[in-house]
Amino acid sequence: MRTILLTNDDGIAADGLLRLAKAAQALGEVWIVAPDGQRSAASHAITLHGTVDVMPCAYPLAGVRAFTCTGTPADCVRVGSLYVMEHKPDLVLSGINRGYNTATDIQYSGTCGAAFEGAFQGIPSIALSEQDGDCHDVTARYLPDLLAALAERPLEDGSIWNVNLPGCPLAACRGVLWDRAVSRGAFYRDRYQAVAQLADGGVRLAVDGQYNEDAEPDTDFRAVVDGYVSVGIARNVG
């Protein structure tokens, strides 16, 4: 039986992780090692100086063996594949993230960072993200078929499948676009805004993102803006 390791960057209690675990059970035996809290934008960071705590936990889905980890999403994959499980898993799934991971946001994403760690461990890996919101109709319809298909499709070393699902009603979704290139754009064009002046000439800054939907054709960004499920390959260039 195929063994599957799940993680995310939204934490062990995230609804997206639970929905992913339910769908993954159709593919094999599901294990979870997930952060004990929010770790968004952790990218591919790992803990080298210090320790991580790993604790077994009850999970609201029969047949799933679950653990929390005090480290990053990438730590969770390392701990899961190199320590918790007797053997490396056959597949790593990361998500379902609350919010898209497309375009240049991929480089910051803890969801994608965890999947890249799986790829670095030689394990086929899939990152899954969803438009931030409470409508999951598109994900419920397409997720089982996408997982079954992608689990059988080979990847080059260091590459992951990156799936993004719109959060619209099913009738508004225009279908699935495969082989989407990674856009060079982003949903938010960030700048910094001063929110306080500090002693000795310092300043306190906060990110002030300007929303943007200007995306190139045939990209992951363009696909989700236009209401499609986006499936593409992401490669770590670091």
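No value in this document is a laboratory result; all are computed from the given coordinates. All values derive from a computational prediction rather than experimental measurement. Every residue, glycine as well, gets a Cβ built from its backbone with ideal geometry; the counts of neighbours run over all protein chains shown.
Using +1 at the C-beta of Lys and Arg and -1 at the C-beta of Asp and Glu, which of V229, L82, G99 has the Cα lying farthest in the positive direction of the dipole of the chain?
Of the listed residues, the answer is L82.
Across all directions of projection, what mean area in square nanometres is found for the Cα convex hull of the chain?
Mean shadow area of the hull around the Cα atoms is 14.3 nm².
Would you mind calculating the gained length between E86 and A140 on full extension (0.36 nm times residue separation, minus the Cα-Cα distance), in nm to one decimal?
16.3 nm
Might you report the magnitude of the Cβ-based charge dipole of segment 84-174 about its Cα centre, with Lys and Arg at +1 and Asp and Glu at -1, to the nearest 20 debye?
For segment 84-174, the charge dipole is close to 160 debye.
Can you give the FRET efficiency to the nearest 0.05 for M1 and N212, using r as the Cβ-Cβ distance and R₀ = 45 Å?
For M1 and N212, the calculated efficiency is 0.50.
Ignoring the sites themselves, what is the longest stretch of the chain with no trypsin sites (Lys or Arg not before Pro) in a DSSP loop and at most 13 other beta-carbon atoms within 10 Å?
3-173
Can you run phi through the Karplus equation (6.51, -1.76, 1.60; θ = phi - 60°) for segment 77-82 and list ³J(HN,Hα) in whole Hz, with x for Gly and Pro?
Rounded to whole hertz, the list is 5, 4, 4, x, 7, 9.
What distance in nm lies between label points placed 7 Å from Cα along the C-beta direction at Q193 and T47?
With each label point 7 Å from Cα toward Cβ, the separation is 3.5 nm.
By how many nm would the segment from W178 to A62 grow when fully extended, if each residue of separation counts as 0.36 nm and the alpha-carbon distance is taken off?
Contour length minus the Cα-Cα distance gives 38.5 nm.
If I model a spin label as a point 7 Å beyond the Cα along the Cα-Cβ vector, how far apart are those points for D157 and D200 in nm?
With each label placed 7 Å out from Cα toward Cβ, I get 4.8 nm.
With +1 on each Lys and Arg Cβ and -1 on each Asp and Glu Cβ, and nothing else charged, work out how big the dipole of segment 1-140 is about its Cα centre, in Debye to the nearest 20.
Computed about the Cα centre, the dipole is about 320 debye.
Under unit Cβ charges (Lys, Arg +1; Asp, Glu -1), what dipole magnitude, rounded to 20 debye, does the chain have relative to its Cα centre?
It works out to roughly 200 debye.
Mind listing which GluC sites (Glu not before Pro) in segment 124-188 are in a DSSP loop and have 15 or fewer other Cβ atoms within 10 Å?
Within segment 124-188, the qualifying GluC sites (Glu not before Pro) (loop, at most 15 other Cβ atoms within 10 Å) are E152, E156.
Can you tell which of W161, A171, G185 lies farthest toward the positive end of the dipole of segment 154-201, using +1 and -1 charges on the Cβ of basic and acidic side chains (Lys, Arg; Asp, Glu)?
Comparing the listed Cα positions along the dipole, A171 ranks first.
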